[in-house]
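What follows is calculated from the coordinates using simple rules that are stated; it is not laboratory data. Remember, it's a predicted structure, so these values are computed and weren't measured experimentally. Note that each Cβ is placed from the backbone with ideal geometry, even for glycine, and that neighbours are counted across all protein chains shown.
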Amino acid sequence: MDSTQLIAIFGSILLQSAPLIIAVCGETISERAGVINLSLDGSLLLSALAGFAAALLTGSLLLGFLAAAAVGAVFALIVAFGSLHLRQNQVAIGFVLAMLGDSLSAFLGQNYTRLPGPSVPAWHIPLLKDIPVLGPILFRQDAVVYFALLLVGATWWFLFRTRAGLELRSAGERPEAAFTRGVAVRKLRYIYAVLGGALVGIAGAAYSLDVKIGWAEGHTRGMGWIALAIVIFGGWSPLRGALGAVLFGATKALATVLQRSFPQVALVAFNAVPWLLMILVLVLVSGRLAAPLLARAPAALRRPLRGLLQAAPPAALGQPLDDN
Amino acid sequence: MSLSKTRLERVWPLLPGLAALLVTTLLLLAMGTSPVDAYSAMWQGAFGTSARVYSVLAFLVPLLLAASGLLLTFKAGLWNIGIEGQIIMGAVAASWVALRVQLPSGLQIPLELLAAMAGGALWAALAGVLKTRGGVHEIFGGLALNNLAILFTNYLIAGPWQPPEGGSFRGTQPFGAHALLPLFENSRLSLLSLALAIVAFAGVALVLTNSHWGLRLKALGQNARSAFLLGVSSNREMLLAMAVCGALAGLGGGVRVLSWFDSLRQSISGGIGYLALMVVLLAGFRLVLTPLVAFFFSAVLNGSITLQLRTQLHSALGDILTGVLVLLVLLFGNYERVRRAFRRRRSQADG
């Protein structure tokens, strides 16, 4: 394998990971504010269909992405309303929505199956695209990839470097304390849950209009649960989450390459990789394995390793809020 | 103009059902199908003939088994989403015995059913150990294990267990007649399995209402810390609840291969585990309601399969009907809670 091939593979890994990166950022924002949106799998499916159908019917990619964002936002709004106003279990509502989104997409998508449709065009950035190695990987992509990359940086900066981001995190960490200091916790939770949901919707359209063009039943099935697991792996940080999404994409790409080289190994072994990885990675970051591992690591490595391996969820994640 | 409060309160439980019907009716109209025709096809599909009713009951068996198991895990505060994989591994274990072992008729089927329970229990215990030892939340461990179970089934069907005439990728060769459950009047219903499901549900009900174990699970589910202070070993209780739930789900999987089908198929469960979660959520974890809701779900699902055969409309319509119903009941089912939420909002707006 020569270097051009390798560069092409890295470029395609980044493209394949872009929707996951977007969904992971959206869910990270929502969970940081204290709302678990467990509906991701159904929400991705229905928004992928909505994005594809809207773009096909109107001929406008932008309307496709907007329709998808609206679907994702509505799903998140239902979760937020159910937990923040009606004080119901977020996990239960999210689970039911995940199932419902799946069935709705199967039913409504029956007339859109395997139709040719519009797709996001490639858009190479002048000058930057000529940088050796990095140019072809990062800058000969399309708007979805650039959006995903910018979103990671913007989300990180917003969460950890702005006052609004601090208030967002306080709503998820210590809502009672934030409330007594005048932070409108419930309002913030609504806003960021819906914003996160809209991003998940955009991720759905990123599949059906760019990365996995078109629609078929169960088009993105499984990816929502993987995104939720990556948020945990990412320790509720957009940077680590994006890294997780890219590593996931890379592992899948590696499995595809290996499968071509070793056709005698059953295909099923390669399909099992994402799920085995999910278990392994969650065990690794759970702390039960990380803590003894860190204790044995050389002192110089301990700090960076801890940053990579350990993370606690926002303290009030999924908790109801007593604000009256 | 407005209904008096007590009247509204009285019709309140019916509203989610009506709203769910409204959603599916709108979907049918959008698809250009007459809702009356569609609903009557669904009704016919569920109750039209006695054969259809047997089919509803046959589908009910694994659903009720899984839902009974979930009553235990929910009581312990666990979200056993991995139940889908536990059904599948039960089916795989039963198929292994059916394909590989030949015993006198009185032993064959009991051994298959025991294997099914062991397969389900093992897969559930794996999710349990991942939680107690590995710190992996049972939702994610369970989902990963579900997908691994599906892939394992596909591997068996296409590989070691493929029919001698070559793999069709759809299923193994049919098991011998000696290995299958006796069926009732040419239907897919095994009365033995129905009896087992009823016994299993009664057993779970008994455990939850009248046993010390039920009490310990309840303590665990309500507050892990106070359970610990009471001397309840949370890890052991959790694992036990998972394993028993998995055994019941696995039994359901065994019933699928030994009566609903006659071989191991690709989508051997086809989402029964997820459906069972919806059943228990709609029943609000209440014992008496669980079998009734399971029966209702089974009827809707069978009806929507007939609908698909007759009108080409996707059978997911049935899942949409039940899904909207569960969602609305979860959100608005408790009248008092809804009233309080809106009254609070109004008083905030006033104040």
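Size check on region A:3-220: the Cα extents along the three principal axes, sorted descending, read 56, 43, 27 Å.
Rounded, prolate or oblate: which fits region B:44-171, taking a ≥ b ≥ c as square roots of the Cα gyration tensor eigenvalues, rounded meaning a/c under 1.5, else prolate when a/b beats b/c? It is oblate, given that a/c is not under 1.5 and a/b is not larger than b/c.
The H on the amide N of A:Asp142, modeled in the peptide plane, is under 5 Å from the matching H of A:Trp123, each at least 5 residues off or on a different chain. Among A:Thr4, A:Ser208, A:Ala143, whose Cα projects farthest towards the positive end of the dipole of region A:3-220, with charges put on the beta-carbon of Lys, Arg (+1) and Asp, Glu (-1)? The listed residue farthest towards the positive side: A:Ala143.
Would you work out the relative contact order for region B:54-285, in percent, from Cα pairs under 8 angstrom that are 6 or more residues apart?
43 percent
Counting other Cβ atoms within 10 Å of each Cβ, which trypsin sites (Lys or Arg not before Pro) in region A:222-294 have at most 15 and sit in a DSSP loop? Qualifying residues, ordered by number: A:Arg288.
Computed over region A:233-282, relative contact order equals 32 percent, with contacts defined as Cα pairs under 8 Å that lie 6+ residues apart.
Compute, for the protein assembly as shown, the length of the dipole vector about the Cα centre, with Cβ point charges of +1 (Lys, Arg) and -1 (Asp, Glu) only. Units Debye, rounded to 20. It works out to roughly 1780 debye.
Let me make sure I get this right: for region B:54-285, a, b and c are the square roots of the gyration tensor eigenvalues over alpha carbons, sorted descending. Under 1.5 in a/c it's rounded, otherwise prolate if a/b > b/c, else oblate. Which is it?
prolate
Residue separation of B:Trp43 and B:Gln173 scaled by 0.36 nm, minus their Cα-Cα distance, works out to 43.4 nm of gained length. Shape call for region A:38-152 from the C-alpha gyration tensor, a ≥ b ≥ c root eigenvalues: rounded (a/c under 1.5), prolate (a/b greater than b/c) or oblate? Here region A:38-152 falls in the oblate category. Calculated [222 nm] ellipticity per residue, helices only, for chain A: -22000 deg cm²/dmol; basis is -39500 (n - 2.57) per DSSP H run with n ≥ 4, divided by all residues, nearest 500. If only the Cβ of Lys and Arg carry +1 and only the Cβ of Asp and Glu carry -1, the dipole of chain B around its Cα centre is close to 1340 debye. For the protein assembly as shown, the tally of Lys pairs with Cα-Cα distances below 28 Å comes to 7, considering only residues 8 or more apart or on different chains. In plain terms, the C-alpha convex hull of the protein assembly as shown casts an average shadow of 34.9 nm² when viewed from every direction. In the protein assembly as shown, if the dipole is taken from +1 on Lys/Arg beta carbons and -1 on Asp/Glu beta carbons about the Cα centre, which of B:His137, A:Val246, A:Leu56 is farthest to the positive end? Toward the positive end, the furthest listed residue is B:His137. A Cβ-based charge dipole, computed about the Cα centre of chain A with Lys and Arg at +1 and Asp and Glu at -1, lands at about 780 debye. With K and R counted +1 and D and E -1, the other residues having a Cβ less than 14 Å from that of B:Leu130 yield a net charge of +2. With the cut-off at under 17 Å, measuring from each backbone N in region A:4-24 to a point 7 Å along the Cα-to-Cβ line of A:Ile131 picks out A:7-8, A:10-12, A:14-15.
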